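Worksheet: the structure to be examined is printed underneath.
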Amino acid sequence: MSTTAAPATAAPTAVRAVTVRTVLRSEWIKIRSIRSCFGSLVAVLVAALAISLAVFPSIGQPEAATGEIDRLFWLYYPMNFVQIAAIAFGATAASSEFLNGALRNSLAAVPRRNLLFGAKAGIVGAAALVVGVVAGFVMFFTANAFLGPYAVGIGEPGALRSCFGAGLYLALITLFSMGLTFLLRSAVAVLSLLIPFILIVSFVIGGVSEGAATWLPDRAGQQILFQEPMGTLGAWTGIGVTALWTAAALLAGWWSLRRRDA
């Protein structure tokens with residue numbers, strides 16, 4: 001009597017668990033692979049060096065010699081342009097999720113929206129912080145190379161704080177932009193709002209009421225670049241105000257991702 005063996009049941013294919021590490025890695029891959037996003041990040045460094053080399057050889061010493069501006073803050077004049085690149089980085093990093101149904105693919109891979117948003121914010125913020133600190137040192141040393149007797153030594157009060165503070169400020173303004181982009185779902189809309197606000201509206205408000213302007217996200221955060229912070233906010237309280245603006249924007253972006261369809 002012969003018996004026929006039952007066909008073996010195929011073992012189920014192992015499914016890799018979605019972990020924080022794998023999601024963080026995937027978000028870093030997104031930043032590197034999206035040309036506009038990675039280009040904006042690199043532009044932070046390019047702008048820091050290029051604007052310093054364009055400005056300080058010609059007018060660096062004459063402006064410092066007037067004594068009308070904080071010498072340390074003057075070194076960070078390129079920040080006016082560097083922060084635009086940081087804003088663009090945050091906006092493009094977020095808006096890439098809303099192009100060609102990319103968000104649906106992201107949520108299919110990472111169904112936990114909290115994890116997806118937190119990982120993106122963590123990677124974007126960390127990348128902006130590292131590049132921002134490097135940009136801070138680039139602005140500091142490049143400007144000083146052309147200031148002669150008006151140069152600020154790295155050991156002077158506030159100098160080292162300002163280099164690292166530049167990176168912290170750029171990281172916060174990047175995340176601020178990212179949060180708003182998740183809320184509005186458009187990089188164009190965010191860039192159209194933030195760039196004129198920082199370059200024009202902030203100065204207009206400052207001309208009308210300097211006290212009110214101190215609490216704006218850009219003015220408050222840039223107090224950390226001064227040797228002697230101006231107004232009512234100090235260096236760290238100012239960056240704290242910017243952190244609160246950033247937290248509000250990220251909460252708004254998180255709420256939008258949680259409540260709205262992909």
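The values are calculated or read from the model by the stated rules, or taken from the named source; none is laboratory data. No experiment lies behind these values; they were computed from the predicted model shown. A quick note on method: Cβ atoms are made from the backbone with ideal geometry, for glycine too, and the neighbour counts reach across all protein chains shown. Remember, those area values only see protein heavy atoms, side chains included, never the ligands or the DNA or RNA. Shrake-Rupley method; radii C 1.70, N 1.55, O 1.52, S 1.80 Å.
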Expressed as a whole-number percentage, the relative contact order of the chain with C-alpha contacts under 8 angstrom and at least six residues apart is 23
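Let's test the formula: R0 of 25 Å, r as the Cβ-Cβ distance of Arg259 and Val188. What FRET efficiency results, to the nearest 0.05?
0.65
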Phi-derived 3J(HN,Hα) across region 90-96 with the Karplus relation (6.51, -1.76, 1.60, θ = phi - 60°), rounded Hz, x for Gly and Pro, is x, 5, 6, 4, 7, 5, 4
Let me spell out the model: positive unit charges on the Cβ of Lys and Arg, negative unit charges on the Cβ of Asp and Glu, origin at the Cα centre of the chain. What dipole size does that give, in debye rounded to 20? 1420
Note, ³J(HN,Hα) from phi for region 97-104, Karplus 6.51, -1.76, 1.60, rounded to Hz, x at Gly and Pro: 6, 9, 9, 6, x, 4, 5, 4
What Kirkwood Rh does region 124-262 have if only Cα atoms enter the pairwise 1/r average? Answer in Å. 16.1
Could you please report the charge total around Arg104, scoring K, R as +1 and D, E as -1 over all other residues with beta-carbon less than 11 angstrom from its beta-carbon? -2
I'd like the projected area of the chain, averaged over all directions, using the convex hull of its alpha carbons. Report it in nm² with one decimal. 19.2
Using Cα atoms only, what is the angle between the long axis of helix 20-33 and the major principal axis of the chain, expressed in degrees (0 to 90) to the nearest 10? 60
For helix 159-184, what angle does its Cα long axis make with the longest principal axis of the chain, in degrees from 0 to 90 and rounded to 10? 50
Could you tell me the distance between the Cα centroids of region 186-261 and region 23-53, to the nearest Å? 22
Could you run the Karplus curve 6.51 cos²θ - 1.76 cosθ + 1.60 with θ = phi - 60° over region 250-260 and give me ³J(HN,Hα) per residue in whole Hz, x for Gly and Pro? 5, 5, 5, x, 4, 4, 5, 5, 6, 9, 9
For region 92-210, what's the relative contact order in percent, using C-alpha pairs closer than 8 Å and at least 6 residues apart? 33
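If you place +1 on the Cβ of every Lys and Arg and -1 on the Cβ of every Asp and Glu, how big does the dipole about the Cα centre of region 28-179 come out, in debye to the nearest 20?
Here the size comes out at about 860 debye.
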Once you have the Cα-Cα distance between Met230 and Val134, take 0.36 nm times their residue separation minus that, and quote the gain in nm to one decimal. 32.1 nm
Test of understanding: what is the full-extension gain from Thr66 to Val42, defined as 0.36 nm times their sequence separation minus their Cα-Cα distance? 5.3 nm
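How many Å² of accessible area per residue for region 50-190, probe 1.4 Å?
38
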Cut-off 10 angstrom, C-alpha nodes, Gaussian network model of the chain. Which of Ala166, Ala126, Ala65 fluctuates the most? Ala65
